[in-house]
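The structure under discussion appears below in the form of structure tokens.
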Amino acid sequence: MKLLLLCLGLTLVCAQEGTSDVVRSNFDIPKIAGEWYSILLASDHREKIEENGSMRVFVEHIDVLENSSLSFKFHTKVNGVCTELPLVSDSTGEDGVYTISYDGNNTFRILQVNYSRHIIFYLENFSDSYQLLELYAREPDTSPELKNEFVEICQKYGIVKENIIDLTRVVPPRLGSRIFSSMVPISSYDKRCDLTSTTIAREGTVSASSGYSLII
């Protein structure tokens with residue numbers, strides 16, 4: 001009995017430690033600097049995140065500047081070519097809230113972060129009146145549990161599953177290359193740009209146009 005109680009106690013401690021790693025306020029901004037991978041992308045204006053959409057961007061790196069601004073290094077497609085896209089966002093002075101000019105005027109905030117694992121951003125565009133949510137991770141992919149949590153967060157903002165794209169299930173070209181799917185090995189992974197995408201189209205399932213599937 002004592003051994004059973006000890007095991008139960010250790011399980012609860014581990015669960016609490018995992019939860020405590022997620023920060024939702026009083027952010028330590030310098031800790032978000034470094035390399036990131038785009039995992040999930042969602043918007044209530046789906047055309048913004050579809051192939052050739054203005055917000056179809058892939059993160060590579062985040063830097064924190066001396067004035068508390070955030071510098072993002074993205075990649076996107078311009079005229080069919082994978083192109084580097086550097087952007088700088090300015091701090092509003094509010095905890096985890098920034099403004100950025102891209103595709104109009106935007107304000108975005110950090111919803112939650114585990115500095116060593118993932119970060120979730122919420123963006124509001126005031127020019128075309130749309131919302132965008134992004135999940136980045138320190139590794140090229142993340143757990144189904146975290147993806148499910150992201151889906152639930154999106155639904156709280158009124159974004160349906162059909163408008164969530166899994167960017168880990170794409171076959172991207174290299175930086176500077178043109179988009180020819182026959183030239184890209186199906187086994188390659190590059191987070192910078194994409195050819196095909198995955199949509200969370202039905203309950204509990206991610207189905208990919210490239211033939212991949214992922215249960216979350």
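Every number here is computed from the coordinates shown, using simple stated rules; none is lab data. None of the values given here were measured: they were computed from a predicted structure. Cβ atoms come from the backbone with ideal geometry, glycine included; neighbour counts cover every protein chain shown.
Over 24 Å between C-alpha atoms is what I'm after, so list which of K77/K156; K31/K73; K73/K156; K31/K161 land there. Display every interim value, and only then the final one.
Details: K77/K156 30 Å; K31/K73 17 Å; K73/K156 29 Å; K31/K161 30 Å.
Violating the 24 Å limit, Cα to Cα: K77/K156; K73/K156; K31/K161.
Whole Å is fine, so just give me how far the alpha carbon centre of region 31-46 lies from that of region 50-111.
With region 31-46 and region 50-111 each reduced to a Cα centre, they are spaced 10 Å.
Give the order of H118, H45 when sorted by the count of other beta carbons within 10 angstrom, beginning with the fewest.
Numbers: H118 23, H45 18.
The most exposed by this proxy come first: H45, H118.
Need one number: nm distance between label points at V97 and F126, each 7 Å from Cα along Cα→Cβ, rounded to one decimal.
Result for the modelled spin labels: 1.1 nm.
Please list, in order along region 53-68, the HN-Hα scalar couplings obtained from phi with the Karplus expression 6.51 cos²θ - 1.76 cosθ + 1.60 (θ = phi - 60°), rounded to whole Hz, x for Gly and Pro.
The phi angles translate into x, 5, 9, 7, 10, 10, 6, 10, 8, 10, 10, 9, 8, 4, 8, 6 Hz.
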